[in-house]
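*Asks:* I'd like to ask some things about the structure below.
The values are calculated or read from the model by the stated rules, or taken from the named source; none is laboratory data. Just so it is clear, the structure is predicted and the values come from calculations on it, not from any experiment. A quick note on method: Cβ atoms are made from the backbone with ideal geometry, for glycine too, and the neighbour counts reach across all protein chains shown. Only protein heavy atoms, including side chains, enter the accessible area calculation; ligands, DNA and RNA are left aside. Shrake-Rupley method; radii C 1.70, N 1.55, O 1.52, S 1.80 Å.
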Amino acid sequence: MEIEKLNEKYLRKLNVYRKKLYKEPTLRQLFFELTLRCNEKCWHCGSRCNDVCSEELDIETWKAIVDQVKEDFEGKLPQINITGGEPLLYPGFEEFMEYVHSSGFRWGMTSNALNITPEIAEMLERTGMATISVSIDGVESTHDRLRGVRGAYKRTMKGIQNLIDRQCFEHIMVTTVVNHETLAELDELYEIMCGLDIDSWRIIGVEPIGRALDRPELAMTDEDQSRLFEFIESKRREDMPVTYGCSHFLGLKRELSVRNFYFLCQAGVKTASIMSNGDVGACLDIERNHITVQGNIKERRFSEIWKNEFKAFRYDRSEADEKCRACGNREYCGGGACHTWDFEAKKQRVCIADI
Ligand code: SF4
Ligand code: SF4
């Protein structure tokens, strides 16, 4: 009860801050989706990589974007997060990251680590990478099956070890996306993670986005979500740096019990992204359509789009959805996550606040 009261107090303050952000957005995280090419074929890929072809931006265009952002956000540069696809497959990756680093940006990356040899880990150190998130989605046979590549698990584990061996990166995170079937492997995975000198292990339930929509049988039930949270809570009590992601408001009891921060969807208020074809959006987990894409970098300057667009993200969504309007948590939640928000119907598709 004490915890609930404390959470209530802080979430009220956060609500004031959230409303301020709608009027005065502050860019903190800028994602660059360098490529949609990928050397895996994950069944839950949010971007449906390899299914879609688009003309990628060339390195000179990316460098010009870096120059613009440096100029327009001087004094308050966002962190740049490199994603894909698999970003290491982008031709000119090393040259581009050298440019980002020498331009004064802190940068991080999401990778499947298949190609992180000792030489690539050395290159990542040289180009100033600060943080990295690598995916391990299950024990060896499960990981290989879900990622569509035999031998992927072994190569990824080697890649993680190559990163650890450099002893220089600020934060190495392993991310695991669990589903209805793989939830049973968490204890086994825990033992594996304990044997790795990583900084954190983030576990998230599969979300109804991207390719995961094609496999509804693997969706997490409320019971699964509950088991996942209980697992994370118990391991955190044992001091394992395991955490849940930013994905959802979890109710007054659970907020802060599975992660170190309160829910506040940052999409379009603190987070933006530039996609491989130059489209500008909020968070890359959000489906891409005529409402969520805010413009294209080939036509307008990023800062101009950031300043003048993003209206679809900068309002209290709980006012738009009938169920949210009647919800006692709306002040703490604000209508939930943008990646599960139906932008056409203005409705929240996923709410796990009461499980
Ligand atoms: S859209 Fe989802 S993944 Fe992105 S910042 Fe919001 S809650 Fe997090
Ligand atoms: S009903 Fe809406 S406002 Fe209430 S907790 Fe769920 S998503 Fe948030």
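*Asks:* Counting just the residues of the stretch 16-42 that are more than 17 Å from the chain's Cα centre (by Cα) and open to solvent by less than 20 Å² (accessible area, probe 1.4 Å), which one comes out nearest to Ile305 (Cα to Cα)?
*Replies:* Across the stretch 16-42, the extreme among qualifying residues is Leu21.
*Asks:* Which ones in the stretch 221-255 are within 16 Å of ligand 1 (Cβ to nearest atom) and open to solvent by 30 Å² or more (accessible area, probe 1.4 Å)?
*Replies:* Hits for the stretch 221-255 are Cys246, Arg254.
*Asks:* Considering the stretch 322-337 alone, what residues qualify as being under 17 Å from Gly268 (Cβ atoms) and out of contact with any Asp or Glu (no Cβ under 8 Å at 6 or more places or on another chain)?
*Replies:* Those that are under 17 Å from Gly268 (Cβ atoms) and out of contact with any Asp or Glu (no Cβ under 8 Å at 6 or more places or on another chain): Cys333, Gly336, Ala337.
*Asks:* In the stretch 270-304, how many residues are touching an Asp or Glu at 6+ places or on another chain (Cβ under 9 Å) and among the hydrophobic types (A, V, I, L, M, F, W, C)?
*Replies:* Of the residues in that region, 8 qualify.
*Asks:* Provide a single number: the residues in the stretch 301-326 that are away from ligand 1 (no atom under 16 Å from the Cβ), open to solvent by 40 Å² or more (accessible area, probe 1.4 Å) and either within 22 Å of Pro208 (Cα to Cα) or touching a residue at least 12 places away in the same chain (Cβ under 8 Å) (or both).
*Replies:* 5
*Asks:* Take the stretch 262-300 and flag every residue that is open to solvent by 10 Å² or more (accessible area, probe 1.4 Å) and at positive phi.
*Replies:* Gly295
*Asks:* Moving on. Yes or no: the stretch 331-342 includes at least one residue that is within 12 Å of ligand 1 (Cβ to nearest atom), at pLDDT 95 or above, over 18 Å from Ala282 (Cα atoms) and open to solvent by less than 50 Å² (accessible area, probe 1.4 Å).
*Replies:* yes
*Asks:* Does any residue of the stretch 121-137 turn out to be among the hydrophobic types (A, V, I, L, M, F, W, C) and open to solvent by 20 Å² or more (accessible area, probe 1.4 Å)?
*Replies:* No, that holds for no residue.
*Asks:* Which numbered condition trips up Trp107, out of (1) farther than 24 Å from Thr271 by Cα; (2) open to solvent by less than 10 Å² (accessible area, probe 1.4 Å)?
*Replies:* Unmet condition: (1).
*Asks:* Can you pull out the residues in the stretch 186-215 that are closer than 12 Å to His44 by Cβ and without any contact (Cβ under 8 Å) to a residue 12 or more places away in the chain?
*Replies:* Leu213 - this is the single residue of the stretch 186-215 that is closer than 12 Å to His44 by Cβ and without any contact (Cβ under 8 Å) to a residue 12 or more places away in the chain.
The rows are residues; the columns are (1) under 30 Å from Arg236 (Cα atoms); (2) more than 9 Å from ligand 2 (Cβ to nearest atom).
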{"position": "Lys253", "(1), (2)": "yes, yes"}
{"position": "Val269", "(1), (2)": "yes, yes"}
{"position": "Ser303", "(1), (2)": "no, yes"}
{"position": "Trp306", "(1), (2)": "no, yes"}
{"position": "Gly335", "(1), (2)": "yes, no"}
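*Asks:* Just to be sure, is Arg288 within 25 Å of Phe32 (Cβ to Cβ), at pLDDT below 95 and within 15 Å of ligand 1 (Cβ to nearest atom)?
*Replies:* yes
*Asks:* OK, next. Does any residue in the stretch 266-280 that is in contact (Cβ under 8 Å) with a residue 24 or more places away in the chain come within less than 6 Å, Cβ to Cβ, of a residue that is open to solvent by less than 10 Å² (accessible area, probe 1.4 Å) and of a type outside the set (A, V, I, L, M, F, W, C) six or more places away or on a different chain, and which pairs are these?
*Replies:* Hits for this filter: Ser273/Gly281; Met275/Glu33; Ser276/Glu33; Ser276/Thr35.
*Asks:* Still on this structure, please answer the following. Residue under question is Cys351, and the condition is that it be modelled with pLDDT of 95 or more, touching a Ser or Thr at 6+ places or on another chain (Cβ under 6 Å), of a type outside the set (Val, Ile, Thr) and near ligand 2 (Cβ under 9 Å from one of its atoms); does it hold?
*Replies:* It is false that Cys351 is modelled with pLDDT of 95 or more, touching a Ser or Thr at 6+ places or on another chain (Cβ under 6 Å), of a type outside the set (Val, Ile, Thr) and near ligand 2 (Cβ under 9 Å from one of its atoms).
*Asks:* I'd like to know if the stretch 76-88 contains one or more residues that are open to solvent by 70 Å² or more (accessible area, probe 1.4 Å) and either assigned to a helix (DSSP H, G or I) or modelled with pLDDT of 95 or more (or both).
*Replies:* yes
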